[in-house]
Structures are given as structure tokens and as C-alpha cells.
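Notes to accompany the following structure.
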Amino acid sequence: MALKDLEDLNEIHLDALQEIGNIGSGHAASALSTVLDRRVNMSVPCVKILDYESVVEQLGGPEEQLVSILLSLGDDVSGMIMFLFHKQFANMILTTLLGEESGDINSLDEMSTSAIEEVGNIMAASYVNAIAELTGLRIDISTPSLSIDMAGSILSVPTIYYSNISDKIIAIEEELGQDDLHAFSYILMLAEVDSLEKIMKSLGLEA
């Protein structure tokens, strides 16, 4: 049976997405460890299918300030992947790389912005490459776009883009830790339905 919406995904499909999330997040955490030159611990990612309002609430509400890195996906898989981080994550990066906390994430200087953007680029590329290796699919990624804004504003981009496809998002929550610094991050996967079918079939699952 062909998928018509994310709600058509069954428990087996969700387990597969959980595994993809585990592998992709593990690669991203390893890449972060390399960049920061120290071990970064990661919790087991939690994968959920949520509507947009629920995602915003999970992130702390529409006015919660977040750092967002958005990538478009192309070739065998079409869609978007969005990495979302709270202020603690930005502080963890900047404290390690630059020896200083970010303070107000709305007024980062050029060096701090570049540092966060570069770390996000590396993590995103590692995540997508892991999915490509697992599935055997060709996945191209765009140049990541960095944004610092409120959760409601950030989520308006995929809401508008995917409004005619689905009102659901694949949300992956994880906790990254380094010594006494811990931060939650979220990965939102917005794939075209036919792309999800390709991913499932590549894993030997019928959609």
C-alpha cells in the first residue's frame, strides 16, 4: 500500500526511522566530538511523528529562542532537514571553541556565528551521509542556512512549504553532553512521501 501521509507509517516503519535517527545522530555526535576535540555523549534519540503545533510546544513554545540550521535534500530523496538547538548548545560550542559563552544568541558577533554555522554544517553533512550509506540512496544537500529566531517563526518555513503535503513532521529529540555541559537538540525531517517510500524500500520494508 502506497503511503499517502506520515500517519500511514506503522510501528515497523517508525522503528526503521528510529534506527535511521540513531545512526545519523551517532555520526553527527562523532563529527561534533572531532570538531570540539573532546568526547560528546549522546542519549538514545527519540523519534516522534508530530503536528507543527506539537513540535513548537516540544521546543519550549512559540517564543523560545533557537538556533536553526536548514538544509534542502535532493536527488533520490526530496525534502528538508532542520537542526534546532537551544542556547545551551550554542554556549557549549562557543565555550569549547572560543573560550567564551554566547550570552545573547540574538547578538552574536561574526566569529561566534561562523563557529556555530561551521559546526552545524559538519554535523548536518555527517547525518545525511550516514542515511545515504545506510539506504544506498543518493542524497544531495544544499548549503545549510543558519537562522536565530523564535520557534514559531522558524517552524513557519516548513509549515508553508509542506502545507499541501502533510501537517506532520518527523521529530527526533536527543541530548548531547560534554563534561558538565548538556543540551537538547532536535532534528526535524520533512521528506516528500514518495521519498519516504524509497527509504523504506531500500531497507527492505514495504510502504
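Before moving on, here are some points about what is shown:
- Within the stretch 58-163, helices (runs of 4 or more DSSP H) holding 2 or more residues that are touching a strand residue (DSSP E or B) at 6+ places or on another chain (Cβ under 9 Å) and under 21 Å from A31 (Cβ atoms): 87-97, 110-135
- Of everything in the stretch 47-96 that is among the small types (G, A, S) and surrounded by 15 or more Cβ atoms within 10 Å (Cβ to Cβ), the residue that is nearest to the chain's Cα centre (by Cα) is S68.
Matching residues to (1) farther than 19 Å from L17 by Cβ; (2) of a type in the set (G, A, S):
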position	(1), (2)
L108	yes, no
S114	yes, yes
V119	yes, no
G136	no, yes
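- Selection within the stretch 7-46 - surrounded by fewer than 16 Cβ atoms within 10 Å (Cβ to Cβ), of a type in the set (V, I, T) and over 24 Å from K168 (Cα atoms): T34
- Of the residues making up the stretch 135-143, at least one is surrounded by fewer than 18 Cβ atoms within 10 Å (Cβ to Cβ), hydroxyl-bearing (S, T, Y) and either within 15 Å of A90 (Cβ to Cβ) or modelled with pLDDT under 85 (or both).
- Pair list, Cβ < 6 Å and 6+ apart or interchain, from the stretch 127-152 residues that are of a type in the set (S, T, N, Q) to residues that are outside any helix (DSSP H, G or I): S142/L71; S142/S72; S145/L70; S147/S68
- Contact annotation: residue pairs with Cβ atoms under 8 Å, 6 or more positions apart or on different chains, pairing a residue in the stretch 193-205 that is more than 16 Å from L14 (Cβ to Cβ) with a partner that is of a type in the set (S, T, N, Q) and part of a helix (DSSP H, G or I), are K198/T135; S202/T135.
- Within the stretch 27-40, residues that are part of a loop (DSSP other than H, G, I, E, B) have Cβ atoms under 9 Å from residues that are hydroxyl-bearing (S, T, Y) in these pairs: D37/T96; R38/T96; R39/S33; V40/S30; V40/S33, counting only partners at least 6 apart in sequence or on another chain.
The values are calculated or read from the model by the stated rules, or taken from the named source; none is laboratory data. What you are looking at is a predicted structure, and each value in this text was computed from that prediction instead of being measured. Here the Cβ is made from the backbone with ideal geometry for all residues, glycine too, and neighbour counts use every protein chain on show.
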